[in-house]
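The following block contains the structure, expressed as structure tokens.
The values are calculated or read from the model by the stated rules, or taken from the named source; none is laboratory data. Because the structure is predicted, anything quoted here is derived from the model rather than measured. Positions of Cβ are backbone-derived with ideal geometry, glycine not excepted, and every protein chain shown enters the neighbour counts. In case anyone asks, the SASA skips ligands and DNA or RNA and just uses the protein heavy atoms, side chains included. Shrake-Rupley method; radii C 1.70, N 1.55, O 1.52, S 1.80 Å.
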Amino acid sequence: MGHMLNNTIQDILIRRARMLGKNACWVPGTDHASIATEAKVVNRLAQQGIKKTDLTRDEFLKHAWEWKEEHGGIILKQLRKLGASCDWDRTAFTMDEKRSESVLKVFVDLFEKGLIYRGVRMVNWDPKALTALSDEEVIYKEEHSKLYYLRYKIEGEDGYAVVATTRPETIMGDTAMCINPNDPKNQHLRGKKVIVPLVNRVIPVIEDDYVDIEFGTGCLKVTPAHDVNDYMLGEKYNLPSIDIFNDNGTLSEAAGLYIGMDRFDVREQIEKDLEAAGLLEKVEAYENKVGYSERTNVPIEPKLSMQWFLKMEHLAQIALEPVMNDELKFYPPKFKNTYRHWMENIKDWCISRQLWWGHRIPAYYLPEGGYVVAETAEKHWNWQKRRIRH
């Protein structure tokens, strides 16, 4: 349905352009759909009793290319059936030789211009596909959830500070509690320390007006390794980050508790354990939006990870100017503001994926540490020889 509606509109526009005497060429093509294709190939292998981890990269890619030959042309057959007026002799695929060369060339060019960089940042992690995702690959769904009110004992006192959270399984990564300095009901916590329930870690109470006074109790647990906003607070106040999750969504050794258990199993168990310890004040029904992986349909996990990023501020400005100057117009016009808000708040784009099906990042790692970005291994080694010679 989507292909039919989308491509009918394209066909009408291209035919109209030709009828107006324009030299209009409609190039057909398909992309390699890295996450979706790899997920399908992994599932098919599993049905044959084969694990991806049992294969070498080249062995896996052989299966992936077989899948592509089997299924990759379906959309083009659909377009032909619709009578789409494409220039079929120019048909392209994002991983054919020409396109692959272009991808590497552009990557190196953007890297040399300082627009691509590698670093540890908060990313959307897909625990099923075992890869980072871009913001565009996360779908937010309204969900019936629970709000857990947890008791954090105030160090050296008999009282408690109570935190409302939808994710009690992340308390093992808490490194601070945050209150709003203008919140009258939490003034008694200023300058104090509290003890993380079950974990017994002593953490400071920090103050920041980011905290919503009206939400829950006005006390916020800060888990810098597993929440985008908490990460920003962690950077601002120099808090340690404790990554409590393995890549597959189970709890890591760093968690100290529930090691090896799935995150959602931990959520069920920790509710019982907190209640048994007298550290669970109450649980309320709660509606909230949860980010899901567009391709595997599992809840994503915000996670600190070493990835490659494309700087967006400069590119967003280039895209914004012609719209704000009315060189390009939106219909209806109200979407101009939506576009402006998106462009002015866009984050750097995570472009790396931990997948075998797709373009490889042209970075060559050096024995002594560091890396060189080059279009081909040959160019990399030529650079190395020059470096050694000089």
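Just checking, does segment 188-211 include any residue being at pLDDT below 95, assigned to a helix (DSSP H, G or I) and either out of contact with any Leu (no Cβ under 6 Å at 6 or more places or on another chain) or open to solvent by 50 Å² or more (accessible area, probe 1.4 Å) (or both)?
yes
Checking the condition assigned to a helix (DSSP H, G or I), surrounded by fewer than 16 Cβ atoms within 10 Å (Cβ to Cβ) and not β-branched (V, I, T), which residue from K272, K329 passes? Lay out the reasoning, then the answer.
Values: K329 fails: assigned to a helix (DSSP H, G or I).
It is K272.
Against the definition (surrounded by 12 or more Cβ atoms within 10 Å (Cβ to Cβ), of a type in the set (A, V, I, L, M, F, W, C), within 30 Å of Q317 (Cα to Cα) and in contact with a Gly (Cβ under 6 Å, 6 or more places away or on another chain)), how does V138 come out, yes or no? So that I can check it myself, show each step before the final result.
Values: surrounded by 12 or more Cβ atoms within 10 Å (Cβ to Cβ): yes; of a type in the set (A, V, I, L, M, F, W, C): yes; within 30 Å of Q317 (Cα to Cα): yes; in contact with a Gly (Cβ under 6 Å, 6 or more places away or on another chain): yes.
Answer is yes for this residue.
State which residue pairs qualify: first residue modelled with pLDDT under 95 and among the charged types (D, E, K, R) and inside segment 50-64, second residue assigned to a helix (DSSP H, G or I) and open to solvent by 30 Å² or more (accessible area, probe 1.4 Å) in any location, beta carbons under 6 Å apart, and separation of 6 or more residues or different chains.
K52/V42
Still on this structure: On the given criteria, is L304 crowded, with 16+ Cβ neighbours inside 10 Å, in a strand (DSSP E or B) and hydrophobic (A, V, I, L, M, F, W, C)?
yes
Which numbered condition trips up D11, out of (1) open to solvent by 70 Å² or more (accessible area, probe 1.4 Å); (2) in a helix (DSSP H, G or I); (3) farther than 20 Å from I351 by Cβ; (4) not hydrophobic (A, V, I, L, M, F, W, C)?
Of the numbered conditions (1) open to solvent by 70 Å² or more (accessible area, probe 1.4 Å); (2) in a helix (DSSP H, G or I); (3) farther than 20 Å from I351 by Cβ; (4) not hydrophobic (A, V, I, L, M, F, W, C), the odd one out for D11 is (1).
Criterion first (under 22 Å from P299 (Cβ atoms) and surrounded by 21 or more Cβ atoms within 10 Å (Cβ to Cβ)) does A225 satisfy it?
Working: under 22 Å from P299 (Cβ atoms): yes; surrounded by 21 or more Cβ atoms within 10 Å (Cβ to Cβ): yes.
Judged against the criteria, A225 is a match.
Now a separate question. Would you mind stating whether A129 is among the small types (G, A, S), in contact with a Lys or Arg (Cβ under 9 Å, 6 or more places away or on another chain) and in a loop (DSSP other than H, G, I, E, B)? If you could, list the steps in order and put the result at the bottom.
On the way: among the small types (G, A, S): yes; in contact with a Lys or Arg (Cβ under 9 Å, 6 or more places away or on another chain): yes; in a loop (DSSP other than H, G, I, E, B): yes.
When the stated conditions are applied, A129 passes them.
I'd like the full set of residues that are touching a residue at least 24 places away in the same chain (Cβ under 8 Å) and open to solvent by 70 Å² or more (accessible area, probe 1.4 Å), limited to segment 290-301.
Across segment 290-301, the qualifying residues are E294, R295.
Is it the case that segment 94-101 has a residue that's surrounded by fewer than 12 Cβ atoms within 10 Å (Cβ to Cβ) and assigned to a helix (DSSP H, G or I)?
Taking segment 94-101 first, the residues surrounded by fewer than 12 Cβ atoms within 10 Å (Cβ to Cβ) are 97-98.
Within this subset, residues satisfying the condition of being assigned to a helix (DSSP H, G or I) are 97-98.
Scanning segment 94-101 turns up at least one residue that is surrounded by fewer than 12 Cβ atoms within 10 Å (Cβ to Cβ) and assigned to a helix (DSSP H, G or I).
How many residues are assigned to a strand (DSSP E or B), of a type in the set (S, T, N, Q) and within 22 Å of Y210 (Cβ to Cβ) when one looks only at segment 221-269?
Narrowing segment 221-269 to residues assigned to a strand (DSSP E or B): 221-222, 245, 250-251, 262.
If we keep only those that are of a type in the set (S, T, N, Q) as well, we get 250.
Next cut, within 22 Å of Y210 (Cβ to Cβ) only: none.
Residues that pass the stated criteria total 0.
Follow-up question, since we're still on this one. If you go through segment 46-64 one residue at a time, how many are assigned to a helix (DSSP H, G or I) and within 26 Å of the chain's Cα centre (by Cα)?
Keep residues of segment 46-64 that are assigned to a helix (DSSP H, G or I), which gives 46-47, 52-54, 57-64.
After this cut, where a residue has to be within 26 Å of the chain's Cα centre (by Cα) as well, the list is 46, 52-53, 57, 60-61, 64.
Looking only at that region, the number is 7.
Which one of these does N23 not meet: (1) surrounded by 11 or more Cβ atoms within 10 Å (Cβ to Cβ); (2) assigned to a loop (DSSP other than H, G, I, E, B)?
Here N23 clears every test but (1).
Now for a separate question. Please work out which one of (1) open to solvent by 100 Å² or more (accessible area, probe 1.4 Å); (2) at pLDDT below 90; (3) in contact with a Ser or Thr (Cβ under 8 Å, 6 or more places away or on another chain); (4) not acidic (D, E) is the condition I388 fails and give its number.
For I388, the failing item is (3).
In addition: Taking only segment 29-49 into account, find how many residues are touching a residue at least 60 places away in the same chain (Cβ under 8 Å) and within 19 Å of R353 (Cβ to Cβ).
Going through segment 29-49, the residues touching a residue at least 60 places away in the same chain (Cβ under 8 Å) turn out to be 29-32, 34-39, 41.
Restricting the remaining residues to those that are within 19 Å of R353 (Cβ to Cβ) gives 30-32, 34-39, 41.
Residues that pass the stated criteria total 10.
What number goes with the only condition from (1) in contact with a Phe, Trp or Tyr (Cβ under 9 Å, 6 or more places away or on another chain); (2) surrounded by fewer than 14 Cβ atoms within 10 Å (Cβ to Cβ); (3) not hydrophobic (A, V, I, L, M, F, W, C) that T30 does not pass?
(2)
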